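Take a look at the structure below.
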Amino acid sequence: MIKSSFFFSSPNEQSLKAMLELNLDTVFIPYHEANASNLDKIRKSKSDVKINVEVPVFAGKELLEKFPNALPVEASGLKMLIGVCPTHPGVRGECLKKIDSLLPLNPDGIWLDFIRYPTKWEEPVPYILDTCYCDRCLKLFSEYIGESLTGNTLEEKVLLIDGSYYIEWLEFKVSQITTMVKEVKDKIATFGKNTKLGFFAVPWEDKEYGAGIKRIIAQDFDQLATVVDEFSPMLYHKMCGKPVEWIKQKVDYFWNFQRPFLPLIQTEPRISEIGADEFKKSLELASRKPSQGVCIFFLEDLIKQPEKYETTKKFFNSEI
């Protein structure tokens, strides 16, 4: 069983000690903390630990500052301040630059985050955005279908797409995500490394939110399974307003894609408190076969909660 946690900030004496006490064999570190010094600190503390780096793709304040025309446009015409447009060439280029900067550090894995269209999914009632209808996206979609989009207003074009090109629009959006993942995979292969490629999956099923995983999020798990080495579904049950048993349902669901997967569970008491017994249950359910194990999101928050910390310590060390 993989015993893992996510460093939210730069590793320090306290978090490195926790890594050892919890008997972690895999850790995640965010891109902005992924430098030679921090990776060396982790490796010196535990030489056999695997280090995966989280790379945000279609989100980030710095991207909007650099590319202000990357604001995604909702079907209503509103420009949204959540995420960035996945078709923007500058944004896509920035992702590949990040990969270029990471590969010389020899991480064990690179995990793509926000590799999707924007939406606030981690809520009991998701805040669903229908994007992106910017001029660039509409032009690219017109080229994709080989036809001009008739209509004098955005509303007319959106209605045309929804009525006559629903499937094509879904496929077009999915292709923007899948091709970005493929470009990262090719970049890793060109560098000649054995670095794993994973991604953080929104835990929606095809039947939920009107086929929202493809139509809104644009993550096609069947397609992505042919490219990535591993899935990491974000099973934040409290954030999503679900009972802890929901985690088991999702573990069973992600087995269908015939790819190794490492689920994430939450530590933060967002929406409502997570007691020690419930947290232990989430550890058990997330790590049950066919799951590869469990990743705790995140380590620094777990350290602040002694009861959950001790629960995790006993659980992970009992698996030796």
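The values are calculated or read from the model by the stated rules, or taken from the named source; none is laboratory data. All values derive from a computational prediction rather than experimental measurement. With ideal geometry, Cβ positions are generated from the backbone for all residues, glycine too; neighbour counts draw on all protein chains shown. Protein only, heavy atoms only, side chains kept; ligands, DNA and RNA dropped before computing areas. Shrake-Rupley method; radii C 1.70, N 1.55, O 1.52, S 1.80 Å.
When ligands, DNA and RNA are left out and all protein chains stay put, how many square angstrom of accessible area per residue does the stretch 5-114 have with a 1.4 Å probe?
Per-residue accessible area for the stretch 5-114 comes out at 43 Å².
Label the stretch 203-293 by shape, choosing from rounded, prolate and oblate, from the square roots a ≥ b ≥ c of the eigenvalues of the Cα gyration tensor; if a/c is under 1.5 it is rounded, and otherwise prolate applies when a/b is larger than b/c, oblate when it is not. Cα axes put the stretch 203-293 in the oblate bin.
For Ile2, what is the net charge nearby, where nearby means another residue's Cβ is under 9 Å from its Cβ and Lys, Arg count +1, Asp, Glu -1? Intermediate results must be reported in sequence, preceding the final value.
Values: positive: Lys3, Lys50; negative: Asp25.
Result for the neighbourhood of Ile2: +1.
As a fraction of the 1.4 Å probe accessible area of the stretch 42-84, surface on carbon and sulfur atoms comes out at 56 percent. Over all other residues within a Cβ to Cβ distance under 9 Å of Val251, the charged ones net out to +3, with Lys and Arg as +1 and Asp and Glu as -1.
Near Cys240, no amide H atom lies under 5 Å from its own; only residues 5 or more places off or on other chains count, and H is placed 1.01 Å from N.
Averaged per residue, what accessible area in Å² does the stretch 127-218 show with a 1.4 Å probe, protein chains only? Could the numbers behind the result be given before it?
Working: 4470 Å² over 92 residues.
Here the per-residue accessible area is 49 Å².
For the stretch 253-259, the Karplus equation 6.51 cos²θ - 1.76 cosθ + 1.60, evaluated at θ = phi - 60°, returns couplings of 5, 6, 4, 4, 8, 6, 10 Hz by residue, with Gly and Pro reported as x. The string of couplings for the stretch 193-210 from the Karplus curve (6.51, -1.76, 1.60, θ = phi - 60°) is 9, 9, 5, 6, 10, x, 8, 8, 9, 6, x, 9, 9, 3, 7, 8, 6, x Hz, one whole number per residue in order, with x for Gly and Pro.
For the stretch 149-287, the fraction of 1.4 Å probe accessible surface lying on carbon and sulfur atoms is 48 percent.
As an exercise, use a Förster radius of 45 Å and the Cβ-Cβ distance of Gln258 and Thr153 to find the FRET efficiency, rounded to the nearest 0.05. Don't skip to the end; give the middle numbers.
Numbers: r = 45 Å, r/R0 = 0.99.
The pair Gln258/Thr153 has a calculated efficiency of 0.50.
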